[in-house]
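Undergrad: Dropping a structure here in structure tokens format, bear with me for questions.
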Amino acid sequence: MRKFQFQPSWVTLILVIQSVAVLMIFQSMVSFRFVREAKAVCTGGTPIIFNFGDSNSDTGGIMAGMGYPIPLPEGRLHFGRSTGRLCDGRLIIDFLCESLNTHYLSPYLEALGSNFSNGANFAICGSRTLPRMQAFALYIQTLQFLHFRSRSLYLATQGHTGLLGEQDFRNALYMIDIGQNDMDAAFTEANGNFQHVLSRIPPVIEEIKTAIKQTLYENGARKFWVHNTSPMGCFPQKLAIPRNDDTDLDEHGCLKTYNNGAKAFNSHLSTVIDALSLELKDATIVYVDIYSIKYELVANHSKYGFDNRYMACCGHGGPPYNYNHSITCMGAGFQVCDDGSKHISWDGVHYSEAANRVVASKILTTEYSRPRINFEFFCKG
Ligand SMILES: *[C@@H]1O[C@H](CO)[C@@H](O)[C@H](O)[C@H]1NC(C)=O
Ligand SMILES: *[C@@H]1O[C@H](CO)[C@@H](O)[C@H](O)[C@H]1NC(C)=O
Ligand SMILES: *[C@@H]1O[C@H](CO)[C@@H](O)[C@H](O)[C@H]1NC(C)=O
């Protein structure tokens with residue numbers, strides 16, 4: 001464990017992030033894991049992707065939008081520098097972009113060095129669906145998209161070149177991965193009342209439905225890709241909450257109550273996506289069961305080369321969880337492990353690059369998708 005010390009302003013950042021919710025060798029080791037590296041290479045041209053979500057798919061939005069520096073060890077693998085991702089390296093969406101042979105998505109709010117020729121990423125760390133008009137809720141992200149769209153089309157009429165056109169927006173893939181922070185907030189305010197958690201789910205799913213149908217579909221989007229929510233009961237952050245006994249732990253050591261909340265969310269989401277698929281006949285909406293992929297990672301962790309299924313790499317306090325609610329990753333006095341590839345969890349909430357790589361490769365098998373559509377379907381054309 002290495003110890004780091006940051007100036008006090010870090011504490012503020014961590015609080016915000018929380019409330020809103022050399023190593024190349026290891027990388028090559030990771031590829032020898034029990035994973036089929038599915039590759040979907042685009043032959044029909046550059047794919048175009050618009051992504052909406054929270055920290056699970058934020059490729060630099062919070063850093064650009066709020067001006068927060070997110071320093072090393074975030075991004076220490078692959079990038080070797082901070083990119084605004086809350087991870088030691090790449091996120092699931094980065095691996096999905098790699099599989100289509102396209103560059104990583106530029107955050108919509110990143111003013112310098114962005115390249116929006118393959119789409120844009122509207123995901124922002126800490127985002128929820130509700131309240132609707134609070135930055136950067138899903139609704140606001142979709143409004144930002146509409147602005148991006150109308151501005152692209154307008155500028156094209158003014159003689160600007162290299163912009164996405166009507167047909168590009170129609171052919172693009174629209175990805176949504178949100179809900180984790182809504183569920184997190186629901187559990188916090190429920191204070192042990194599970195019925196209250198359940199009551200918070202329908203309005204959240206309604207927001208996702210509105211984003212797909214009212215906002216995106218009505219504006220020409222036809223291809224959607226929706227991730228369900230993670231088994232939060234397996235997060236070191238949740239496991240480290242003091243408890244009287246272990247009766248809430250399941251056979252794999254995850255908290256049943258949190259996971260039951262996530263499962264209830266997913267079951268509702270899945271029903272609504274099925275209904276939307278029937279209703280929007282000329283649209284393709286793929287529902288991806290991220291929960292099962294991530295739960296399997298915990299259950300069968302050694303099969304994927306992970307020694308530590310519940311212990312964060314970056315945190316404080318050592319085993320079993322290396323998670324302390326007052327000293328989180330990047331907080332004053334945090335510690336970080338040397339080899340994050342042995343950990344499923346990077347910081348107690350977010351997954352390590354090694355885990356994201358496995359998750360992405362499982363997504364690409366289509367086994368967890370409904371309908372089972374190959375990812376190259378989303379190549380331009
Ligand atoms: C933006 O990305 C496209 C597709 O990857 C590439 O062809 C183009 O050269 C890039 N533009 C800049 C300015 O880097
Ligand atoms: C773990 O792996 C075994 C063998 O591949 C499989 O049968 C089982 O369903 C997996 N466990 C979970 C929770 O997915
Ligand atoms: C968190 O860390 C501080 C400082 O080491 C310690 O005093 C406190 O007891 C820890 N909290 C828990 C719940 O372990």
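Undergrad: Name the long-range amide H neighbours of residue 335: under 5 Å, sequence gap of 5 or more, or other chain; modelled H, no Pro or chain starts.
TA: Distant-sequence amide H within range of residue 335: 315, 316.
Undergrad: Could you give me the radius of gyration and the Dmax of region 84-124, taking only the C-alpha atoms into account and expressing both in angstrom?
TA: Over region 84-124's Cα set, Rg and Dmax evaluate to 10.2, 26 Å.
Undergrad: Could you quote the convex hull projected area for region 127-186, Cα atoms only and averaged over all directions, in nm²?
TA: Values: hull surface 19.1 nm².
Taking the Cα atoms of region 127-186, their convex hull projects to 4.8 nm² on average.
Undergrad: If you wrap a convex hull around the alpha carbons of region 52-162, what volume per residue comes out, as a whole number of Å³?
TA: Details: hull volume 11.6 nm³, N = 111.
In region 52-162, the Cα convex hull volume per residue is 105 Å³.
Undergrad: Can you compute the helix-only [θ] at 222 nm over the chain? Use -39500 (n - 2.57) per DSSP H run of at least 4 residues, normalise by all residues, nearest 500 deg cm²/dmol.
TA: -11000 deg cm²/dmol
Undergrad: Order of 217, 154 from fewest to most other C-beta atoms within 10 Å? Write down the numbers at each step before the final one.
TA: On the way: 217 19, 154 11.
By the 10 Å Cβ count, ascending, the order reads 154, 217.
Undergrad: Under the Karplus relation 6.51 cos²θ - 1.76 cosθ + 1.60, θ = phi - 60°, what is the ordered set of whole-Hz ³J(HN,Hα) values for region 69-77, x standing for Gly and Pro?
TA: For region 69-77, the Karplus curve yields x, 10, x, 4, x, 4, x, 5, 8 Hz.
Undergrad: How big is D, in µm² s⁻¹, for region 301-381 by Stokes-Einstein at 20 °C and 1.002 mPa s if Rh is the Kirkwood radius over C-alpha pairs? Spell out each step's value before the answer.
TA: Details: Rh = 14.1 Å.
Estimated via Stokes-Einstein, D reaches 152 µm²/s.
Undergrad: Give me the one-decimal Kirkwood hydrodynamic radius in Å for region 303-344, with the sum taken over alpha-carbon pairs. Write down the numbers at each step before the final one.
TA: Details: mean 1/r = 0.0973 Å⁻¹.
Its Kirkwood hydrodynamic radius stands at 10.3 Å.
Undergrad: Please report the Cα spread of region 234-273 along all three principal axes, rounded to whole Å, starting with the longest.
TA: Extents along the principal axes, in whole Å: 37, 18, 15.
Undergrad: Over region 194-254, what lengths in whole Å, largest first, do the semi-axes of the equivalent ellipsoid take, defined as the square roots of 5 times the eigenvalues of the alpha-carbon gyration tensor?
TA: Working: eigenvalues 247, 39, 13 Å².
For region 194-254, the semi-axes come out at 35, 14, 8 Å.
Undergrad: Considering only DSSP states other than H, G, I, E and B, which trypsin sites (Lys or Arg not before Pro) in region 234-298 qualify as loop sites with at most 12 other Cβ atoms within 10 Å?
TA: Working: sites: 238, 243, 256, 263, 281, 294; in loops: 243, 281.
When the trypsin sites (Lys or Arg not before Pro) of region 234-298 are filtered for loop state and at most 12 Cβ neighbours within 10 Å, 243, 281 remain.
Undergrad: In whole Å, what is the distance between the alpha-carbon centres of region 132-148 and region 303-346?
TA: 33
Undergrad: Right, here's the next one. Across every pair of different alpha-carbon atoms, what Kirkwood hydrodynamic radius in Å does region 116-261 reach? Spell out each step's value before the answer.
TA: Values: mean 1/r = 0.0575 Å⁻¹.
Computed over Cα pairs of region 116-261, the Kirkwood hydrodynamic radius comes out at 17.4 Å.
Undergrad: A follow-up question, please. Here are some pairs, 209/256; 294/342; 256/303; 294/362; 209/263; which of them have Cα atoms lying more than 21 Å apart in this structure? If you can, show how the numbers build up before the last one.
TA: Values: 209/256 27 Å; 294/342 15 Å; 256/303 23 Å; 294/362 10 Å; 209/263 18 Å.
Over 21 Å apart, Cα to Cα: 209/256; 256/303.
Undergrad: Between region 50-90 and region 358-381, what's the alpha-carbon centroid distance in Å?
TA: 24
Undergrad: Do you know the relative contact order of region 66-219, to the nearest whole percent, from alpha carbon pairs under 8 angstrom that are 6+ apart? All intermediate terms of the calculation are to be shown ahead of the outcome.
TA: Numbers: 151 pairs, mean separation 21.1, N = 154.
It rounds to 14 percent for region 66-219.
Undergrad: Taking the Cβ of each residue in 346, 225 as the centre, tally the other Cβ atoms inside 10 Å and list the residues starting with the fewest. Show your work: numbers first, answer last.
TA: Numbers: 346 30, 225 23.
Final ranking by Cβ density, sparse to dense: 225, 346.
Undergrad: Let me ask something else. May I ask for the Kirkwood hydrodynamic radius of the chain, worked out over all distinct Cα pairs and given in angstroms to one decimal?
TA: Numbers: mean 1/r = 0.0478 Å⁻¹.
Computed over the chain, the radius equals 20.9 Å.
Undergrad: With θ set to phi - 60° and the Karplus curve 6.51 cos²θ - 1.76 cosθ + 1.60, what are the ³J(HN,Hα) couplings of region 333-345 in order, to the nearest whole Hz, using x for Gly and Pro?
TA: x, 6, 10, 9, 6, 7, 10, x, 6, 8, 10, 6, 9
Undergrad: Shifting gears a bit: Just from the alpha-carbon atoms, what are the Rg and Dmax of region 174-217 in angstroms?
TA: Radius of gyration, then largest Cα-Cα span, for region 174-217: 12.1, 38 Å.
Every number in this text was worked out from the coordinates using simple rules, so none of it is lab data. Predicted, not measured: the structure shown is a model, and the values here were computed from it. Cβ sites come from the backbone with ideal geometry, for glycine too, and all protein chains shown count toward neighbours.
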